[in-house]
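The values are calculated or read from the model by the stated rules, or taken from the named source; none is laboratory data. Fair warning: this is a prediction, and the values are worked out from it, not measured in the lab. Because the Cβ atoms are built from the backbone with ideal geometry, glycine has one as well, and the counts that use them run over all protein chains shown. Quick note on the areas: whole protein, heavy atoms, side chains included, nothing else; ligands and nucleic acids left out. Shrake-Rupley method; radii C 1.70, N 1.55, O 1.52, S 1.80 Å.
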Amino acid sequence: MVSLIYPNIEPSAPGENYSAQEGAFEGPEKLLEIWFSQSPELLKEHQNLSSDESEDDFSNHPQRKNREEKRGLRVIPRPVLDKMLALVKCTVLNVISNPDVDAYLLSESSMFVYPHKIIIKTCGTTTLLFAIPRLLEIAKHYCGFEKVWRVFYSRKAFMFPERQVGPHRSWEEEVQFLDKYFDAGSAYIVGKERQDQWHLYLTKPSDDVLHNITQPYLPHLRGVMQEHEIQSGASTPVTSDSEDPSPFGNAGYSHPDQTIEIHMTGLNPEKMKYFYHDPKQTKSGIPGGQWVDKQAGIDQLYPEAKLDSYLFEPCGYSSNGLWEDRYFTFHVTPEPECSYASFECNIPVEKSHASQGEQSPVEILITRVLNIFDPSSFTVTYFTSHHKEHHSQAHMVRSMSSLNGYKRTNRILYEFDGYDLVYGHYAK
């Protein structure tokens, strides 16, 4: 396939870290989700693909040897994904799969590929948004996908924003880039203190959003940014009383589409000793990652999950976990001058962590993650689709005024189209 947008860029050797540099490393990640349907079962409806057409398209590709095993975005050949990631400035370290999803461990974080959606998370000075036009192009070529159903882009405030390159030099620039490819996007800055703010861009669910893959990227985009800063303490109450599963990202599932992110700073140096490579104790790479899993207790957070971990040289750690059709991921930058760890998970907490005494499943999960890193402060974002269970889950998070020795310093509640957001910042 010949790209209409970028010249051919060859991927670097596996494991090369483009963002490695002397001094502090940028830990906070950029997170992009592009949904082509609300579920794998509804791909044909959202993309106007007949059963015959979709089967014929996929069977034309030699990579699709078992049509029952892989479909949708999962049929995109690995070399094509490698070239897309080269635009982002990251490489694939390892891949694990199950019947529902492929999890890619990257030199700068993670990528998860479902039949109907792709999630890419990158840290450092990566150029994540550059993946969008190429991704839309290959989704059309290999899958016949003409429409984008929904888009999410989010990130915590950068520690070192001056080190970022376009289109990530500012939130305004990022939003302008996203608006270039998607209609009906809205941008938000959530939080009070600048260093703890969380940025969110999302589009409304639509079957009429046609992505544009024919216009070349322009380094200096012009447009009107749609931005709304949510002030500390502001809230929009949840008003939906529907008991039926909503069409917002959880069709066909008994639990809502929910994502919990924990961004931790000021990590305990004693806890960080496991995240440095010591050749006397273990090898780097995957063997080192497995060693860290056991030493830090990460392998006990979801004991039944399939875990893929990596220990970098001289320090740093990443892992992906698969649990049924859901995932979790850790990324750790242990250096004192820029210590940062992130945890992201879309596993329903009510399935993975049962209530114990007065602690809710959300509180149990957060507490266990905090015990691994012992940060001086952290933010939690809990993003969940409207669902028959979303009231109780949102209430759990809203009620946490203090947690495990931490005091909440900021709380924000918001309702979007089909989703609720609860944001909290905590400090010792």
- Query: Are any residues in segment 126-146 modelled with pLDDT of 95 or more and farther than 22 Å from residue 42 by Cα, and if so, which ones?
  - Reply: 128, 129, 130, 131, 132, 133, 134
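Take segment 136-159 and flag every residue that is aromatic (Phe, Trp, Tyr) and in contact with a Ser or Thr (Cβ under 9 Å, 6 or more places away or on another chain).
Taking segment 136-159 first, the residues aromatic (Phe, Trp, Tyr) are 142, 145, 149, 152-153, 158.
Result: 145, 149, 152.
Determine if segment 89-110 includes at least one residue that is basic (Lys, Arg) and open to solvent by less than 10 Å² (accessible area, probe 1.4 Å). Working first, answer last.
In the first step, residues of segment 89-110 are kept if they are basic (Lys, Arg); the result is 89.
Subset that is open to solvent by less than 10 Å² (accessible area, probe 1.4 Å): none.
For segment 89-110, residues basic (Lys, Arg) and open to solvent by less than 10 Å² (accessible area, probe 1.4 Å): absent.
Residue by residue, here is whether (1) over 15 Å from the mean Cα position of the chain (by Cα); (2) modelled with pLDDT of 95 or more holds:
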position	(1), (2)
114	no, yes
124	no, no
156	no, no
160	yes, no
177	yes, yes
188	yes, no
196	yes, no
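Could we say that residue 321 is touching a residue at least 12 places away in the same chain (Cβ under 8 Å), within 29 Å of residue 196 (Cβ to Cβ) and in contact with a Leu (Cβ under 9 Å, 6 or more places away or on another chain) here?
Working: touching a residue at least 12 places away in the same chain (Cβ under 8 Å): yes; within 29 Å of residue 196 (Cβ to Cβ): yes; in contact with a Leu (Cβ under 9 Å, 6 or more places away or on another chain): yes.
The answer is yes for residue 321.
Going by the structure shown, is residue 80 open to solvent by 10 Å² or more (accessible area, probe 1.4 Å), farther than 16 Å from residue 40 by Cα, assigned to a helix (DSSP H, G or I) and at pLDDT 95 or above?
Here the answer is yes, as residue 80 does meet what is asked.
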- Message: I'd like the full set of residues that are outside any helix (DSSP H, G or I) and of a type in the set (A, V, I, L, M), limited to segment 176-205.
- Response: 184, 187, 189, 190, 200, 202
